[in-house]
Amino acid sequence: MNVVTAPAEMAAPVAKKEKPPLNGVNTPALLATIGVVAGQPQLAKFQFRAHGQWKAGTHMQGTMLGFSGAGGEHAHKAATMAHSDHPAVLCGEDEGPTPVEWILHGLAGCLTAGIANIAAVRGVKLHSIEAEVEGDIDLQGILGLSDKVRNGFDDVRVTFRIAGDAPPETLKALVAQSQARSAVFDILTNGVPVSIAVEA
């Protein structure tokens, strides 16, 4: 006697629930972007640019507008003008933060953006993020008074105060993951080749 067994019913695929926007992050767009770039790695190649123009003394005005990436040229919705200068105590006119302060700002901005994105993907609602960034520098190097003192920071410290709908361990893990993925943290801690050309 032949026994015919009906094939077991296949379980219907469970649709992945789309993560909603959170913390001001368009989470669906972020995850879609990651998916597209995973399939087309060439889209991950970006070039960011800044133009600097000397004003007077130690004052420079920088402009950030255009960049390339995702297979084409792009422009920010508006040009950003950023000024750098030295304070009076360092013989400047204090028309803007020092260049090294902009570095600290860039580090805080990069890490904070990462925290917000990662929290959104992990479903953690944030209430606030504050970053305190300090960099210690000995000016004997840049003033040419000692060749034993480096020109840049000796030490940089970042302290986050973060609040959200998650236990402290989860919030700390967000910061750790942001650090692991931060472009500016990578630049500062691993270095990057820099070439300088002169057209005179």
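The values are calculated or read from the model by the stated rules, or taken from the named source; none is laboratory data. Note that the structure is predicted; figures quoted are calculated from it, not measured. Please note: Cβ atoms are built from the backbone with ideal geometry, for glycine as well, and neighbour counts cover all protein chains shown. SASA here: full protein model, heavy atoms, side chains in, ligands and nucleic acids out. Shrake-Rupley method; radii C 1.70, N 1.55, O 1.52, S 1.80 Å.
So the values come out like this:
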| item | result |
| --- | --- |
| Sequence ranges 27-40, 130-143, ranked by mean other-Cβ count within 10 angstrom, highest first | 130-143, 27-40 |
| Solvent-accessible heavy-atom area per residue, rounded to whole Å², over the stretch 68-111 at 1.4 Å | 62 Å² |
| Whole-number percent relative contact order across the chain, with pairs defined as alpha carbons under 8 Å at least 6 apart | 15 percent |
| Share of Cα-Cα pairs in the stretch 121-200 lying beyond 18 Å, as whole percent | 61 percent |
| Within a Gaussian network of the chain (alpha carbon springs, distance under 10 Å), most fluctuating of Ala75, Ala166, Ala119 | Ala75 |
| At 0.890 mPa s and 25 °C, Stokes D of the stretch 47-113 from Kirkwood alpha-carbon radius, µm² per second | 184 µm²/s |
| Debye equation applied to the C-alpha atoms of the stretch 56-155, log10 I(q)/I(0) at 0.16, 0.18 Å⁻¹ | -0.96, -1.07 |
| Relative contact order of the stretch 71-110, pairs being alpha-carbon contacts under 8 Å that are 6 or more residues apart, as % | 26 percent |
| Per-selection metrics, the chain (Cα): Rg and Dmax in Å | 24.0, 102 |
| Using distinct alpha-carbon pairs, which all enter the 1/r mean, Kirkwood radius of the stretch 154-197 in Å | 12.8 Å |
| Convex hull per residue volume in Å³, alpha carbons only, for the stretch 133-172 | 61 Å³ |
| Carbon/sulfur fraction of accessible area - the chain, other protein chains in place, 1.4 Å, % | 59 percent |
